[in-house]
1. Under a crude label model (7 Å from the Cα following the beta-carbon direction), how far is residue 120 from residue 221 in nanometres?
2. Modelling each spin label as a point 7 Å along the Cα-to-Cβ direction, I'd like the residue 166/residue 255 distance in nm, to one decimal.
3. Among 236, 324, which comes first, second and so on when ranked by fewest other beta-carbon atoms within 10 Å?
4. Using label points projected 7 Å from each Cα along Cα→Cβ, tell me how many nm separate residue 196 and residue 274, to one decimal.
5. What is the packing order of peptides 161-168, 84-91, 215-222, taking the mean over residues of other C-beta atoms within 10 Å and listing the highest first?
6. If you count, for each residue, the other Cβ atoms within 10 Å and average over each peptide, how do 48-57, 336-345 line up from highest to lowest?
7. Which order do the peptides 192-199, 61-68 take when ranked by the mean count of other beta-carbon atoms within 10 Å per residue, highest first?
């Protein structure tokens, strides 16, 4: 029998130590992966909480208007706000639902033929052939895969919508319960700062929601009237598509223009150019009317940061992230301003400009 020597024992201890280090490394990597997955799911949940909060902000904003112009109590004002919104939505669907459905079905049937006709027209020119070559083959597959990933949602559209509406209902029914619950978690020394942050965020969300809804209504009316004047079919459907996509800054307006211009091409090139002009002018009118109203309550968001936040949020959370990118960016800027910038400015003395010689 072989006896274990001190040297062999040291070798075994080193081997065990090496194996332990390997398993520790594997465990750390696995833990990081799990934490990243949990953070991503939690981030999507936080976005749905933000969307539910926006629904509650809308109902309370309407309730404030009812209470301001009527002698009704807060409870009755909120009841009118909620019930009135659903009644108006139901009436719109009742009177316009059939026409919208008909035009939407016509649009879905005519778009493939329209795209085919546009391809034929493009193939008649050298520049058009280059465009078709760039969009066909691997590039088209990449574009399709990007679009699918871009509009992917974590729990599915219907599931997300159900959760958001449910959260909005709870937040509308008792907003102070959740607001006070968050403030209770804050230390007493920072409660004043926390209330200031909450009030700023609430004011910004109200301003963004008001401006967005006003923009959606105005752009729907303008595009519907403009495409009707140009005798473009399914004008109401095009207007509604543009209004719905207006909730996505920058990219929504461009995406909404595509079906309108394609349908206008079936009538003529001049009609397509005029239709594109109608979209551009309508966007300019809405921006000049609504932007000053938004800037009264919204902080100044740099355009580059807005686009960057939309791209990042679209990659992380799909269409819901794109829609909520702007209010989320505003919330982040407020937090950075209140929790970091103001403290730095309070501590750091202002640098005096150097006088010229």
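1. Distance between label points: 4.0 nm.
2. Here the modelled spin labels are 2.6 nm apart.
3. Working: 236 18, 324 23.
Placing the least packed residue first, the sequence is 236, 324.
4. A separation of 5.7 nm, rounded to one decimal place.
5. Working: 161-168: 16.4, 84-91: 11.2, 215-222: 19.4.
The most tightly packed comes first, giving 215-222, 161-168, 84-91.
6. Working: 48-57: 19.9, 336-345: 11.7.
Taking the mean over residues of other Cβ atoms within 10 Å, the ranking is 48-57, 336-345.
7. Details: 192-199: 13.6, 61-68: 15.5.
Packing order, densest peptide first, comes out as 61-68, 192-199.
Since every read-out is calculated from the coordinates, none of them should be taken as a lab result. Quick caveat, the model's predicted, so the values are computed rather than measured. Quick reminder, even Gly has a Cβ in these numbers, built from the backbone with ideal geometry, and neighbours come from all protein chains shown.
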